[in-house]
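Written out below as structure tokens is the structure these notes cover.
The values are calculated or read from the model by the stated rules, or taken from the named source; none is laboratory data. Treat the numbers as computed from the prediction; the structure is a model and nothing was measured. Note that we place each Cβ from the backbone using ideal geometry, even for glycine, and neighbour counts take in every protein chain shown.
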Amino acid sequence: MKKLEASFFDRTPCEVARDLLGKVIFRLYEGIWLKAQIIETESYYLHEKGSHASLGYTEKRKALFMPAGTIYMYYARGGDSLNMSCHGEGNAVLIKSGYPYGNEEAMLQMMKHLNPYKSDGRERETEKLCSGQTLLCRSLGLKVPQYDAKTFDDSLFMADMGYVPEKIIQTTRLGIPKGRDEHLLYRYIDEKYMNSCTKPVRNT
């Protein structure tokens with residue numbers, strides 16, 4: 001296991017977004033290590049209209065203008081989202097989806113306590129626990145007030161476990177309003193885990 005240093009993020013968002021695929025998020029939650037392998041990411045640049053930073057500096061967005069590797073968390077549709085700043089002020093990468101990675105104790109914590117049910121009351125499938133930016137944060141117990149504008153530490157970090165995706169899908173991002181550079185191919189998916197990512201996949 002090799003922890004990712006701040007220098008890993010001190011590159012362009014597209015480079016970081018591609019290279020984060022396959023890396024594993026480690027989160028110490030109530031004495032248990034929860035883990036998720038990153039399978040989907042999106043890159044954002046200050047100069048393009050789809051990014052939060054393009055709307056200008058605010059206290060809520062300050063992490064985007066801090067050194068590379070700073071955690072930027074915000075609320076999306078009522079849930080928490082995990083991002084990291086990259087090289088250049090305002091540039092960042094969003095962790096869009098992950099795949100549960102860990103032992104039975106960790107899986108039980110995620111499935112039975114943190115993220116147990118769908119909106120219809122049914123139990124969530126294991127492979128769908130982290131399918132989407134808010135589900136990922138819910139399954140790992142990540143909250144905006146705790147980590148926004150912070151750096152990785154002994155309770156939250158990312159690591160290279162030696163896995164490299166065989167094929168990467170590059171496509172358009174989701175949730176970008178019309179006229180805000182929605183056409184940019186800034187979303188990256190590990191094809192092996194495509195069925196556990198958000199949908200749809202288009203313009204590949």
Task: Flag for Thr171 being in contact (Cβ under 8 Å) with a residue 12 or more places away in the chain and within 24 Å of Lys2 (Cα to Cα) - done: no
TODO: Please list, ordered by first then second residue, the pairs with beta carbon atoms under 8 Å, 6 or more apart or interchain, first in region 69-84 and surrounded by 15 or more Cβ atoms within 10 Å (Cβ to Cβ) and modelled with pLDDT of 95 or more, second of a type in the set (D, E, K, R) and part of a strand (DSSP E or B).
DONE: Met73/Asp80; Tyr74/Asp80
- [ ] Would you tally the residues in region 105-124 being out of contact with any helix residue (DSSP H, G or I) (no Cβ under 9 Å at 6 or more places or on another chain), more than 17 Å from Arg27 (Cβ to Cβ) and acidic (Asp, Glu)?
- [x] 1
Open item on the list: Against the definition (closer than 26 Å to Thr12 by Cβ, without any contact (Cβ under 8 Å) to a residue 12 or more places away in the chain and either in contact with a Leu (Cβ under 6 Å, 6 or more places away or on another chain) or not aromatic (Phe, Trp, Tyr) (or both)), how does Asp148 come out, yes or no?
Closed with: no
Open item on the list: So in region 85-121, with the set limited to residues that are out of contact with any strand residue (DSSP E or B) (no Cβ under 8 Å at 6 or more places or on another chain), in a helix (DSSP H, G or I) and not aliphatic (A, V, I, L, M), which one is farthest from Ser51 (Cα to Cα)?
Closed with: Glu104
- [ ] Tell me which residues, restricted to region 156-177, are part of a loop (DSSP other than H, G, I, E, B) and either closer than 24 Å to Ala76 by Cα or not hydroxyl-bearing (Ser, Thr, Tyr) (or both).
- [x] Met161, Gly162, Val164, Pro165, Glu166, Lys167, Thr172, Arg173, Leu174, Gly175, Ile176, Pro177
